[in-house]
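The values are calculated or read from the model by the stated rules, or taken from the named source; none is laboratory data. These numbers come from a predicted model, not from an experiment. When we count neighbours, we look across all protein chains shown, and the Cβ atoms used for this are built from the backbone with ideal geometry, even at glycine. When the accessible area is computed, the model is the full protein with side chains, heavy atoms only, and any ligands, DNA or RNA have been set aside. Shrake-Rupley method; radii C 1.70, N 1.55, O 1.52, S 1.80 Å.
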Amino acid sequence: MTHLGGWQRALYLDPALPALATVFLTNTTAGIFQGDCLRVAIRVEAGARALITSRSATKVHSMPGGSASQHTDLVVEEGGLLEYLPEPLIPFRGSRFSQTTTITVHDGGTLVHADICAPGRLAH
(Lines give C-alpha, C1' and ligand atoms only; values in the text may rest on other atoms or scores of the structure.)
Protein backbone atom coordinates (compact mmCIF):
# COMPACT_ATOMS: atom_id res chain seq x y z
CA MET A 1 0.00 0.00 0.00
CA THR A 2 1.27 3.47 -0.78
CA HIS A 3 0.24 6.80 0.64
CA LEU A 4 1.70 10.26 1.19
CA GLY A 5 4.25 8.89 3.64
CA GLY A 6 5.41 6.04 1.35
CA TRP A 7 5.27 2.40 2.37
CA GLN A 8 4.28 1.35 5.85
CA ARG A 9 4.62 -2.02 7.51
CA ALA A 10 1.42 -3.57 8.86
CA LEU A 11 1.12 -3.92 12.63
CA TYR A 12 -0.62 -6.79 14.41
CA LEU A 13 -1.98 -5.12 17.54
CA ASP A 14 -4.89 -7.28 18.70
CA PRO A 15 -3.90 -10.56 20.39
CA ALA A 16 -7.52 -11.72 20.07
CA LEU A 17 -7.29 -11.27 16.27
CA PRO A 18 -3.68 -12.15 15.40
CA ALA A 19 -4.32 -12.17 11.62
CA LEU A 20 -5.76 -8.62 11.58
CA ALA A 21 -3.21 -6.29 9.97
CA THR A 22 -3.51 -2.68 11.15
CA VAL A 23 -2.20 0.11 8.93
CA PHE A 24 -2.22 3.83 9.73
CA LEU A 25 -2.50 6.20 6.76
CA THR A 26 -0.11 9.08 7.32
CA ASN A 27 -0.29 12.49 5.67
CA THR A 28 3.04 14.22 6.24
CA THR A 29 1.59 17.68 5.55
CA ALA A 30 -0.60 19.86 7.76
CA GLY A 31 -3.75 18.78 5.91
CA ILE A 32 -5.34 19.23 2.50
CA PHE A 33 -4.65 22.42 0.55
CA GLN A 34 -5.87 24.09 -2.62
CA GLY A 35 -4.84 22.06 -5.69
CA ASP A 36 -4.33 18.79 -3.82
CA CYS A 37 -5.62 15.69 -5.60
CA LEU A 38 -5.34 12.68 -3.31
CA ARG A 39 -5.91 9.04 -4.18
CA VAL A 40 -6.24 6.12 -1.78
CA ALA A 41 -6.36 2.59 -3.22
CA ILE A 42 -6.78 -0.38 -0.91
CA ARG A 43 -7.19 -4.02 -1.95
CA VAL A 44 -7.68 -6.79 0.60
CA GLU A 45 -6.92 -10.14 -0.97
CA ALA A 46 -8.96 -13.32 -0.48
CA GLY A 47 -8.96 -14.43 3.14
CA ALA A 48 -6.90 -11.43 4.36
CA ARG A 49 -7.94 -9.19 7.28
CA ALA A 50 -7.09 -5.48 7.55
CA LEU A 51 -7.94 -2.42 9.62
CA ILE A 52 -6.99 0.83 7.90
CA THR A 53 -7.25 4.09 9.82
CA SER A 54 -5.47 7.44 10.07
CA ARG A 55 -3.38 8.88 12.86
CA SER A 56 -5.53 11.99 13.34
CA ALA A 57 -8.31 14.06 11.82
CA THR A 58 -7.63 15.55 8.38
CA LYS A 59 -7.92 19.34 8.10
CA VAL A 60 -9.18 20.80 4.83
CA HIS A 61 -7.77 24.34 4.69
CA SER A 62 -9.34 27.46 3.17
CA MET A 63 -9.05 27.60 -0.64
CA PRO A 64 -9.64 31.13 -1.87
CA GLY A 65 -8.98 30.41 -5.55
CA GLY A 66 -9.50 26.72 -6.14
CA SER A 67 -10.38 23.36 -4.67
CA ALA A 68 -8.99 19.96 -3.69
CA SER A 69 -10.22 16.41 -4.16
CA GLN A 70 -9.77 12.85 -2.98
CA HIS A 71 -10.75 9.58 -4.60
CA THR A 72 -10.78 6.35 -2.62
CA ASP A 73 -10.96 2.85 -4.15
CA LEU A 74 -11.76 0.01 -1.75
CA VAL A 75 -11.69 -3.61 -2.98
CA VAL A 76 -12.34 -6.67 -0.81
CA GLU A 77 -11.77 -10.06 -2.41
CA GLU A 78 -13.66 -13.27 -1.51
CA GLY A 79 -13.57 -14.03 2.20
CA GLY A 80 -11.56 -10.88 2.94
CA LEU A 81 -12.30 -8.36 5.68
CA LEU A 82 -11.59 -4.64 5.48
CA GLU A 83 -12.33 -2.15 8.22
CA TYR A 84 -11.69 1.28 6.66
CA LEU A 85 -12.15 3.78 9.47
CA PRO A 86 -10.21 7.01 8.91
CA GLU A 87 -10.42 9.76 11.52
CA PRO A 88 -12.83 12.66 10.76
CA LEU A 89 -12.44 15.21 7.98
CA ILE A 90 -12.53 18.81 9.28
CA PRO A 91 -13.35 21.39 6.57
CA PHE A 92 -12.28 24.95 7.42
CA ARG A 93 -14.30 28.00 6.38
CA GLY A 94 -13.73 28.69 2.69
CA SER A 95 -12.59 25.19 1.81
CA ARG A 96 -13.75 23.54 -1.41
CA PHE A 97 -13.30 19.79 -1.32
CA SER A 98 -14.87 16.93 -3.27
CA GLN A 99 -14.55 13.29 -2.35
CA THR A 100 -15.60 10.10 -4.10
CA THR A 101 -15.39 6.51 -2.92
CA THR A 102 -15.65 3.42 -5.11
CA ILE A 103 -16.40 0.18 -3.28
CA THR A 104 -16.14 -3.37 -4.63
CA VAL A 105 -16.88 -6.25 -2.26
CA HIS A 106 -16.73 -9.75 -3.77
CA ASP A 107 -18.93 -12.63 -2.58
CA GLY A 108 -18.15 -13.57 1.00
CA GLY A 109 -16.13 -10.38 1.57
CA THR A 110 -16.87 -7.94 4.38
CA LEU A 111 -16.39 -4.18 4.52
CA VAL A 112 -16.89 -1.93 7.53
CA HIS A 113 -16.58 1.71 6.46
CA ALA A 114 -17.29 5.02 8.19
CA ASP A 115 -16.76 8.47 6.74
CA ILE A 116 -17.13 11.32 9.22
CA CYS A 117 -17.20 15.03 8.38
CA ALA A 118 -16.84 17.25 11.45
CA PRO A 119 -17.48 20.90 10.56
CA GLY A 120 -15.77 23.49 12.74
CA ARG A 121 -17.09 25.44 15.67
CA LEU A 122 -20.79 26.25 15.81
CA ALA A 123 -20.03 29.99 15.91
CA HIS A 124 -18.33 29.75 12.50
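Being acidic (Asp, Glu), within 23 Å of residue 117 (Cα to Cα) and either surrounded by 12 or more Cβ atoms within 10 Å (Cβ to Cβ) or modelled with pLDDT of 95 or more (or both) is a property that residue 78 lacks. For first residues located in region 85-108 and under 20 Å from residue 45 (Cα atoms) and hydroxyl-bearing (Ser, Thr, Tyr), partners that are open to solvent by 60 Å² or more (accessible area, probe 1.4 Å) and part of a loop (DSSP other than H, G, I, E, B) and lie 6+ apart or on another chain with Cβ distances below 8 Å form the pairs 101/115.
Taking the listed residues 115, 73, the one that is of a type outside the set (S, T, N, Q) and either assigned to a loop (DSSP other than H, G, I, E, B) or over 17 Å from the mean Cα position of the chain (by Cα) (or both) is 115, with no other qualifying. Checking each residue in region 76-91 for being under 18 Å from residue 29 (Cβ atoms), part of a strand (DSSP E or B) and out of contact with any Lys or Arg (no Cβ under 7 Å at 6 or more places or on another chain) picks out 89, 91.
When region 92-112 is filtered for residues that are among the small types (Gly, Ala, Ser) and part of a strand (DSSP E or B), only 98 remains. Total residues in region 76-101 satisfying the condition of being among the acidic types (Asp, Glu) and over 13 Å from the mean Cα position of the chain (by Cα): the figure is 2.
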